[in-house]
Amino acid sequence: MIHSDRIERICLRVLQFGLPIAFLTPFVYTTDATFPFVVGKVWSFRILIELLLPFYLTLVVVSPRLRRWREPLVIAVGAYLAVQLLAGFLGVDPVRSFWANHERMTGVYTLLHYGAFFLMAAAAYTSMTHWRRAFLASLAASAVMTGIALYEHGHPGFFANPGGGRVWATLGNYIYLANYLLFHLFFLGIVFFRKGTDVRLRAVLSVFAALESLVILYTH
């Protein structure tokens, strides 16, 4: 029989390495879909969360200490999702509220996946070192997104962009790209000002911050 400690380690490793794969979903572009910038991204994220969910459920069964359900932030997120679920079922079109449509795909069903992602991260990332690695993985993805946007700025029509100097990279919307990079500027600040961050890493982060700020300007 496999010892519970070994099961815990396996589940933690799967979650710690599996969750950052979500940072790649913004690059998914499905040309055969009616809404190529939306459908593939959301489907990919949902599939990833559903594949990781059994490992999370196993983890909280064998390791009750990793259940974060009583923490204030977890309770607040749970209350928000409960209100969304209730509002969806009491709305004019409960089916549309729950499943949404292919243009947005932000129905309650997708929100529940975001909530599951939040719970998994709260359980899997048990130290600031874990969170730092997750931030760096997300920042690496944002660096690639920034490179795509800079290339797009000089190549109108790239990723169906209508041109005019504004960029949207693989997100298909100028506002989405700006918001995406704003979050990563915040993550950059967390890692940059973290005590013990290497000087060379801070130099690299400074360059990324300057380039991402430039791309934000290109979205306007």
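The values are calculated or read from the model by the stated rules, or taken from the named source; none is laboratory data. This one's a predicted model, so the numbers in the text were calculated from it and none came from an experiment. Here the Cβ positions follow ideal geometry from the backbone for every residue, glycine too, while neighbour counts run over all protein chains shown. Remember, those area values only see protein heavy atoms, side chains included, never the ligands or the DNA or RNA. Shrake-Rupley method; radii C 1.70, N 1.55, O 1.52, S 1.80 Å.
For the chain, with all protein chains present and a 1.4 Å probe, just round the carbon and sulfur fraction of the accessible area to a whole percent. Spell out each step's value before the answer.
Values: 8690 of 12640 Å².
Accessible surface attributable to carbon and sulfur in the chain totals 69 percent.
With label points built 7 Å along Cα→Cβ from the Cα atoms of residue 194 and residue 92, find their separation and express it in nm. Rounded to a tenth, the inter-label distance reads 4.6 nm. Computed over the chain with a Gaussian network model linking Cα atoms closer than 10 Å, the most mobile of 143, 210, 124 is 210.
Take the chain, connect every pair of alpha-carbon atoms lying under 10 Å apart with a spring to form a Gaussian network, then pick out the residue of 191, 204, 144 with the largest mean-square fluctuation. Looking only at 191, 204, 144, the biggest GNM fluctuation is shown by 204.
Set against the labelled values [x] 31, 26, 15; [y] 27, 19, 17; [z] 30, 20, 16, semi-axes √(5λ) of the Cα gyration tensor in Å computed from this structure falls on [x]. Once the Cα-Cα distance is subtracted from the 0.36 nm per residue extended length, the residue 33 to residue 7 segment shows a gain of 5.4 nm.
Let's see if you can work this out: charge +1 on each Lys and Arg Cβ, -1 on each Asp and Glu Cβ, no other charges. What is the dipole magnitude of the chain about its Cα centre, in debye to the nearest 20? It would help to have the intermediate numbers written out before the result.
Working: 18 positive and 10 negative charges, 152 e Å.
Here the size comes out at about 740 debye.
How about the range 127-220: which trypsin sites (Lys or Arg not before Pro) there are in a DSSP loop, with at most 10 other Cβ atoms within 10 Å of their Cβ?
On the way: sites: 132, 133, 166, 194, 195, 200, 202; in loops: 166, 194, 195.
Those satisfying the criteria are 195.
For the chain, the per residue solvent-accessible surface stands at 57 Å², with DNA, RNA and ligands left out and a 1.4 Å probe. By its C-alpha gyration tensor, with a ≥ b ≥ c as the square roots of the eigenvalues, how is the range 92-150 shaped: rounded for a/c under 1.5, else prolate for a/b larger than b/c, else oblate? Oblate, because a/c is 1.5 or more while a/b does not exceed b/c. Can you tell me which of 55, 17, 187 moves the most in a GNM of the chain? Springs connect C-alpha atoms under 10 Å apart. Maximum fluctuation in the GNM of the chain, among the listed residues, is at 17.
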